[in-house]
Amino acid sequence: MTKKVCVGKVPIGGGAPVTIQSMTNTETRDVEATVSQILALEEAGCEIIRLSVYDMDCARALPRIKQKIHIPLVADIHFDYRLAIAAAENGADKLRINPGNIGGESRVRALCQCAKAHKLAIRVGVNGGSLESDLLRKYGGPTPEAMVESALSHVRLLENEGFFDIVISLKASNVKNTVEAYRLIQKQVDYPLHIGVTEAGLGEDALVKSAAGLGALLLDDIGDTMRVSITGDPVQEIFAAKSILKALNIRHEGVQIVSCPTCGRCNVQLEEIVQRVQKELPQKGKPITVAVMGCAVNGPGEAKEADVGIAFGKDNGVLFKNGEQFASGDAEAMIRLLIKEANSLVGGTF
């Protein structure tokens, strides 16, 4: 088990639930736009938010942003240790830095002293796309071993200053390298790990890469907090992260739908039905499984295993609840009844 590090009031590691993070893509200096985006992320389920602090105006905007949001704020800093100190003094709950590009020993010492004074955590964030040139030469590229050596050297800079509230990330756009890097470092440290596949791209491609990489790590019990990286609106990152955690049975909230891929035996428009059921059921609330199955081959079995489920014939549906058949009839009527029963179970309304 990793050690516990707190970001504001949110624990990372130490057996705490895996937290979901994202990052704003607004101009940090635009307080109104940044707050609006963070509130939308909160509504979607974001638990920790990171934003770029790239000049002093960004740092000075942090107090006004913090006044209007409800989740911990992470300041992302590169190159200028003075920005990290300013962010800490202006209310950041955590700093994301690369100690190797902050400057010399005296600057790292000043930063650590400031973080201690404000009780902040620091994430050592290593990215395969910005590794030190000497490590790239040594390993012939951004290999997992190179990323781990980079992270450990940066961690030692903080440890040498007596700073231990550390979170580590080792991200690459290559899924295999990312997974191997986390597996390597997990054997060498007990610090919490922030996991993610960086620069994953757009839409489905990004989701598949993140699901493959994060799924492999989480099934190995590696990862204390996570970000799914998707180009565009960061709200989609939250929905993707929740879906990954739900698929792995790590998060138990709201409805999980089981539906078949369909075949020639299916006599209903199953995709439309599943979309309708999904739309009319809440994403939050008591965790339940709803099965929507297209024919009598696997349909009854899957429907019995679910909390509530339906198996379709040609023009009719058979409804199951808690493992028992309890209704059958016209397909449309059974769809409405399925939605009603599922809403009742999850605590929604109909």
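Among Val10, Val126, the sequence by solvent-accessible area, most first, with a 1.4 Å probe is Val10, Val126.
Among Ala75, Gly128, Asn160, which residue has its Cα furthest toward the positive end of the charge dipole of the stretch 75-165, with +1 on Lys/Arg Cβ and -1 on Asp/Glu Cβ? About the Cα centre, the residue reaching furthest to the positive side is Ala75. Using the average count of surrounding beta-carbon atoms within 10 Å as a protection proxy, the listed peptides 300-307, 129-136 rank, highest first, as 300-307, 129-136. Across Met23, Met147, Met56, mean-square fluctuation computed from a Gaussian network of the chain (C-alpha pairs under 10 Å connected) peaks at Met56. Only helices enter this figure: runs of n ≥ 4 DSSP H residues, each worth -39500 (n - 2.57), summed and divided by the residues of the chain, yield -13000 deg cm²/dmol at 222 nm to the nearest 500. The Cβ shell under 14 Å around Gly128 holds other residues with a net charge of -2, Lys and Arg each +1, Asp and Glu each -1.
First select every other residue whose beta carbon is under 10 angstrom from the beta carbon of Asp330; then total the charges, Lys and Arg +1, Asp and Glu -1. Once positives and negatives cancel, what remains is -1.
Overall, the stretch 185-310 carries a charge dipole of about 280 debye about its Cα centre when +1 sits on the Cβ of Lys and Arg and -1 on the Cβ of Asp and Glu, all other atoms neutral. Pairing the Cα long axis of helix 203-219 with the longest principal axis of the chain, what angle in degrees results, from 0 to 90 and rounded to the nearest 10? For 203-219 against the chain, the angle is about 80 degrees.
Which FRET efficiency value, to the nearest 0.05, is calculated for Lys9 and Lys187 with the Förster distance at 51 angstrom and r the Cβ-Cβ distance?
0.95
Find out how many positive minus negative residues lie around Gly299, taking Lys and Arg as positive, Asp and Glu as negative, among other residues whose Cβ is under 13 Å from that of Gly299. Local charge sum for Gly299: +1.
Normalised by the number of residues in the stretch 49-173, the average gap of Cα pairs under 8 Å and 6 or more apart makes the relative contact order 22 percent.
Each peptide in 222-229, 236-243, 58-65 receives the mean, over its residues, of other Cβ atoms within 10 Å, and ordering these scores from highest gives 222-229, 236-243, 58-65.
Computed over protein heavy atoms with a 1.4 Å probe, the carbon and sulfur contribution to the accessible area of the chain reaches 49%.
In the chain, the longest principal axis of the Cα atoms and the axis of helix 144-159 are about 60 degrees apart. What residue among Leu270, Ala333, Asn322 has its Cα farthest toward the positive end of the dipole of the stretch 219-346, where the charges are +1 on Lys, Arg and -1 on Asp, Glu, each on the Cβ? It is Ala333, whose Cα lies furthest towards the positive end.
The values are calculated or read from the model by the stated rules, or taken from the named source; none is laboratory data. Computed from a predicted model, the values in this text were never measured in an experiment. For neighbour counting, all protein chains shown are included, and Cβ atoms are generated from backbone atoms with ideal geometry for every residue, glycine included. The protein model used for the area step is the full one, side chains on, heavy atoms only, and it has no ligands, DNA or RNA in it. Shrake-Rupley method; radii C 1.70, N 1.55, O 1.52, S 1.80 Å.
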